[in-house]
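Okay, structure first, notes after.
The values are calculated or read from the model by the stated rules, or taken from the named source; none is laboratory data. Bear in mind that the values here come from a model prediction, so they are computed numbers and not experimental data. We place every Cβ from the backbone using ideal geometry, glycine too, and count neighbours over all the protein chains shown. Calculation scope for accessible area: heavy atoms of the full protein, side chains included, ligands and nucleic acids excluded. Shrake-Rupley method; radii C 1.70, N 1.55, O 1.52, S 1.80 Å.
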Amino acid sequence: MRLLLSLCFLICFTGLTYAQPVPFECDNRFHMIFGEQGQSLTYDLTTDTFVIAPEQANRSMNAAGYREVDNLGYAIFSNSNELAQISADGSVVNLGPVNGLPENISIPAGSFGNDGLLYVYRGGVPDIQNTIFGINVDTRQVEREIDIQGPNFVVADIALNPNDGLFYGVSGNYEGVPDTVLFTIDIESRTTQVIGPVIGPVASAAAFADSSGVIYTASTRNTQPFAAFDTETGEGIVLGNVAVMPVTVDGGVDGFFCAASPGPVATFVPTLSEWGMIAMAGILGIVAFIYIRKRKAVV
C-alpha cells in the first residue's frame with residue numbers, strides 16, 4: 001500500500017514539475033509568436049539569427065506582452081477573450097477567459113504598462129473603436145477600460161516606452177493623417193499624438209521597446225526588415241533582416257521584449273540639419289581655440 005502511494009505521489013509530483021512554466025531570460029533578444037499553430041521564436045539582433053521554440057500552442061495568439069515579474073509572455077488567443085501564458089520553450093497555458101474583455105474578436109495590439117497591467121487594443125470594431133483594456137493577468141480581470149479621445153486609429157501592435165510611460169505604435173489607418181505614422185498613446189490623458197510619417201522601413205506587425213526608450217518594429221510580411229525608430233521624428237533605420245525567417249503569417253504575428261533590458265540600442269545617422277549643427281559646433285570650437293591661443297600669445 002505504501003509503495004502504491006509512493007508511486008502515485010511520484011507520478012503526480014513529476015506531472016506538476018513538467019507543468020511549471022519556463023521563464024525567459026531578460027536579455028537583448030526579441031520574442032515573436034506567429035501562425036495558426038501559435039509558434040514562437042527568439043530573434044537575436046546582434047547576429048541576425050533566430051531560434052524557433054520546440055513547443056507550440058496549437059492555436060493562434062496576438063496582443064502579446066512580456067511581464068518582468070515572472071519573465072513570462074502573455075497574450076490573447078485569437079477570436080476569443082481567453083488569456084494565454086507563454087513559456088520560453090514555446091509551451092502555452094490557457095488561463096481562461098478575461099472578465100470584462102469582449103468575446104469573439106481578434107485583438108492584435110498589446111503591451112504591459114508600468115502598473116503591471118497588460119494593455120490590449122483592437123481598432124476597427126464598433127463600440128470599442130478607441131478603447132484600451134488594462135488586464136490583471138493574475139485575476140484575469142479588466143481593471144481599466146480607457147476610451148482614447150480624438151480620431152479613430154488602427155495599429156498592429158503597441159510597445160510601452162518605460163521612460164515616458166507612453167505607448168508607441170505605427171498606424172495602419174489614422175483619420176486625417178497620412179497612412180503609416182508613428183504615434184503615441186497616453187492612457188492617463190486619454191489622448192494620442194502623431195510624431196510624424198514613418199520615414200524609411202515600415203515593419204509594424206510587432207512592436208518592442210527597451211529600457212533606453214528605443215522603439216523597434218518587426219514584420220515577416222513581404223520584405224519588411226527589423227527596424228528602430230527615432231521617437232522625435234519617426235525616422236526609421238534598418239537593423240536586421242527578420243523577414244528572411246521561414247514562418248507563415250497566417251493567424252498574425254506579434255512580439256514582446258523585456259523592457260528592463262538596455263537593448264541593442266540603435267544609432268541613427270544624423271540628418272542634414274544635424275550635420276549642419278555638428279559642423280557649426282566644430283567651427284565655433286576651432287575659432288574659440290584660436291582666440292584663446294592669441295590671447296595667451298599677447299599676454
List, in order, the whole-Hz ³J(HN,Hα) value for each residue of the range 143-149 obtained from phi through the Karplus relation with A = 6.51, B = -1.76, C = 1.60 and θ = phi - 60°; use x for Gly and Pro. 9, 9, 10, 10, 8, 7, 7
Distance (nanometres) between label positions extended 7 Å along Cα→Cβ at Glu145 and Glu103: 1.6
Gly255 long-range amide H proximity, modeled H, under 5 Å: Ile33, Ala64, Ala207
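How much FRET efficiency would the formula 1/(1 + (r/R0)^6) give for Asp27 and Val93, where r is the Cβ-Cβ distance and R0 is 30 Å, rounded to 0.05? Can you show the working numbers first?
Details: r = 23 Å, r/R0 = 0.76.
Efficiency, from the Cβ-Cβ distance: 0.85.
Going by average Cβ density within 10 Å per residue, which order do the peptides 128-135, 232-239 take, highest to lowest?
On the way: 128-135: 20.1, 232-239: 17.2.
Order by mean packing, descending: 128-135, 232-239.
Before I look further, what does the range 28-142 give for accessible area per residue, probe 1.4 Å, in whole square angstrom?
Values: 4400 Å² over 115 residues.
For the range 28-142, the per-residue accessible area is 38 Å².
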Other-chain or far-sequence residues with amide H under 5 Å of Ala109's (modelled H): Ala63, Tyr121
Mean separation of Cα contacts under 8 Å (6+ apart) over length of the range 18-149, as relative contact order %: 17
Answer rounded, prolate or oblate for the range 33-96, using the Cα gyration tensor with square roots of eigenvalues a ≥ b ≥ c: rounded when a/c is under 1.5, else prolate when a/b is larger than b/c, else oblate. prolate
Expected unfolding gain across Gln20-Asn58 under the 0.36 nm per residue rule, minus the alpha-carbon gap, is 11.8 nm
With a Förster radius of 22 Å, plug the Cβ-Cβ distance of Ser212 and Thr233 into 1/(1 + (r/R0)^6) and report the FRET value to the nearest 0.05. 0.80
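Between Thr49 and Asp70, what FRET efficiency follows from the Cβ-Cβ distance if R0 is 25 Å, with the result rounded to 0.05?
0.40
By how many nm would the segment from Asn136 to Gln37 lengthen if fully extended, with 0.36 nm per residue of separation less the alpha-carbon distance?
Details: separation 99, 0.36 × 99 = 35.64 nm, distance 2.54 nm.
Gain on stretching Asn136 to Gln37: 33.1 nm.
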Just check the range 65-124 against the gyration tensor rule for me: Cα atoms, a ≥ b ≥ c as the square roots of the eigenvalues, rounded for a/c under 1.5, and otherwise prolate or oblate depending on whether a/b exceeds b/c. oblate
